[in-house]
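The values are calculated or read from the model by the stated rules, or taken from the named source; none is laboratory data. Keep in mind it's a predicted model, so treat the numbers as computed, not measured. Ideal geometry is used to build each Cβ from the backbone, glycine not excepted, and the neighbour counts take in all protein chains shown. Please note that ligands, DNA and RNA were not included when accessible areas were found on the heavy atoms of the full protein model with its side chains. Shrake-Rupley method; radii C 1.70, N 1.55, O 1.52, S 1.80 Å.
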Amino acid sequence: MPEDYFGERVAARYDESTAELFDPVVVGPVVDFLAELAGGGAALELGIGTGRIALPLAARGVRVHGIDLSEAMVARLRAKPGAEGIDVTIGDFATTTVDGTFSVAYVVFNTLGNLTTQAAQAACFRNVAAHLEPGGCFVVEIGVPELQRLPPGDTMRVFDAGETHWGIDEYDIANQGLVSHHFTRVDDGLFELVSMPFRYVWPAELDLMAELAGMKLRERWSGWQREPFTSESGKHVSVWQLDREPPGT
Ligand SMILES: C[S@@+](CC[C@H](N)C(=O)[O-])C[C@H]1O[C@@H](n2cnc3c(N)ncnc32)[C@H](O)[C@@H]1O
């Protein structure tokens, strides 16, 4: 099992530290997009966390099943109204299987990058394909690697600098890795550090992983309201569709 970076300490502050992402203005378009793709079928969320997306999606009448590594994050989800209708399996979403098939599977907020090897990310695509109904879709929201912003020879990029939070990404270019360092103010003058490893990945590499798992790119946008994806886009929302039986099944 991979290391759990969302233990009690992170889970206790998760909703508060990402409060702006819980705003209905942010969540609404995500839920609209996913509910439309679910089209009356069920949805599988990889890295369901505290239910930021799963709860409003389930409230729309979509049956949601989640997978997550962190008991602490899922405990927060369980404590919220509406959680009783959501099944959660504790495990690694690259390999964990659940009962049933789904018309849509999704992983948002850069969470695919929590899989820190190419093998694990490719396994995740195969695992999703094995859970999708024919014609089912896999949706990924993830940042475009910001290497253009990193001067040659540098490894650190400050991505947030505020009174209560500093964020610094530390790049390991040879290994396509980055560690995200978050310094968060917890007490007067005191900052706590949480560092989390990611594997950054290019859209084209994800397309190849999808292809190897029997899926084809159907849509790529820079946001949930289908904003165009361009050379300047900082992230993408990509949808791959299962177009044949996954290889090896
Ligand atoms: C950034 S949070 C996102 C939570 C939620 N999807 C949201 O948008 O608020 C990432 C979640 O993915 C889970 N996670 C990370 N790597 C995982 C893995 N390999 N298998 C299962 N869950 C994982 C973490 O425990 C955490 O709950």
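At-a-glance table
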{"quantity": "Solvent-accessible ranking of ARG76, ARG60, ARG220, largest area first, probe 1.4 Å", "calculated": "ARG60, ARG76, ARG220"}
{"quantity": "Surface share of carbon and sulfur [accessible, 1.4 angstrom probe, percent] for the stretch 104-249", "calculated": "54 percent"}
{"quantity": "Zero-based 10 Å bins, Cα pair distances in the stretch 1-75, whole percents", "calculated": "19, 46, 30, 5"}
{"quantity": "Dipole magnitude (debye, nearest 20) for the chain, charges at Cβ of Lys, Arg, Asp, Glu", "calculated": "540 debye"}
{"quantity": "Exposed GluC sites (Glu not before Pro) absent - longest run of the chain, DSSP non-H/G/I/E/B, at most 14 other C-beta within 10 Å", "calculated": "4-145"}
{"quantity": "Contact order normalised by residue count of the stretch 1-112, Cα under 8 Å, 6+ apart, percent", "calculated": "31 percent"}
{"quantity": "Computed over the stretch 35-89: relative contact order in percent, which uses C-alpha pairs under 8 Å that are six or more apart", "calculated": "38 percent"}
{"quantity": "Solvent-accessible ranking of TYR14, TYR106, largest area first, probe 1.4 Å", "calculated": "TYR14, TYR106"}
{"quantity": "Accessible area of ARG149 in the full protein assembly, 1.4 Å probe (Å², nearest 10)", "calculated": "150 Å²"}
{"quantity": "Probe 1.4 Å, protein heavy atoms only - accessible area per residue of the stretch 171-249 in square angstrom", "calculated": "55 Å²"}
{"quantity": "Residues listed by number, the stretch 33-77, amide nitrogen under 13 Å from ARG226 label point at 7 Å toward C-beta", "calculated": "33-34, 36-37"}
{"quantity": "Semi-axis lengths (Å, descending) of the ellipsoid that matches the C-alpha gyration tensor of the stretch 107-249", "calculated": "32, 16, 15"}
{"quantity": "Accessible area in the full protein assembly, largest first, 1.4 Å probe, for LEU55, LEU46, LEU212", "calculated": "LEU212, LEU55, LEU46"}
{"quantity": "GNM result for the chain, Cα springs below 10 Å: residue of ALA130, ALA59, ALA72 fluctuating most strongly", "calculated": "ALA59"}
{"quantity": "The stretch 98-178 - Debye-derived log10 I(q)/I(0), Cα point model, q = 0.24 Å⁻¹", "calculated": "-1.18"}
